[in-house]
1. Looking at the stretch 61-112 from every direction and averaging, what is the projected area of its Cα convex hull in nm²?
2. 5 Å is the cut-off here: which amide hydrogens, built 1.01 Å from N in the peptide plane, fall below it relative to residue 40, excluding neighbours closer than 5 in sequence?
3. Unpartnered cysteines of the chain (Cβ-Cβ under 4.7 Å counts as a partner)?
4. Would you please give the FRET efficiency between residue 9 and residue 49, computed as 1/(1 + (r/R0)^6) with r the Cβ-Cβ distance and R0 = 22 Å, to the nearest 0.05?
5. For all pairs of alpha-carbon atoms in the stretch 2-85, what percent lies in each bin of width 10 Å, listed from the first bin to the last filled one?
6. What residues qualify as long-range amide H neighbours of residue 25, i.e. H under 5 Å apart, gap of 5 or more or another chain, H built at 1.01 Å from N?
7. Using helices alone, I'd like the mean residue ellipticity at 222 nm for the chain: each DSSP H run of four-plus residues gives -39500 (n - 2.57), total over residue count, nearest 500.
8. Let's test the formula: R0 of 22 Å, r as the Cβ-Cβ distance of residue 108 and residue 29. What FRET efficiency results, to the nearest 0.05?
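Here, each number is a calculation from the coordinates, and none is a lab measurement. In this text, all values refer to a predicted model and were calculated from it rather than measured experimentally. Neighbour counts run over all protein chains shown; Cβ positions are idealised from the backbone, glycine included.
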Amino acid sequence: MEDIFENTVLCNNCNSRTDKIITIKDNFQLRKWLCKKCNKEWYHPGDLQEYNEFKELKNRKFQVKLRKVGNSHTISIPREIIQFEEEFEKAINELLDISLEEPRKLSIYFSRRIKLIKPGEEKD
Ligand SMILES: [Zn+2]
């Protein structure tokens, strides 16, 4: 199915053609249309919905128990977090990168793929 972002959108204020822009908020990629004439912008509704779900999860504090299994330790990752990104569910039985990012902070990387921003796209 074609994404609505493929379409050319006209500004409902001045009828000018809008520019398609990819913007980054909280490390989250959001597409939007921008009218340079009146500085009005519209976020992609799907991206905005996903961003809001992300923000809700990000602000939520989960508590998990650390368990000892042989010489290692394990934790359970809450279902809500795994279900949020397809990438997480696909990672079952995959090797993940894990690193001690700072004292008392452990990070798990579900993907080594980095989303690239094309030249000319703004960052805010
Ligand atoms: Zn306009």
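1. Taking a quarter of the hull surface, the average projection is 4.5 nm².
2. 35
3. Cysteines lacking a close Cβ partner in the chain: 14, 38.
4. Working from the Cβ atoms, E equals 0.75.
5. Result, from short to long distances: 15, 32, 23, 15, 10, 5, 1 percent.
6. 30
7. Counting only the DSSP helices, I get -6000 deg cm²/dmol.
8. With R0 = 22 Å, the Cβ-Cβ based efficiency is 0.65.
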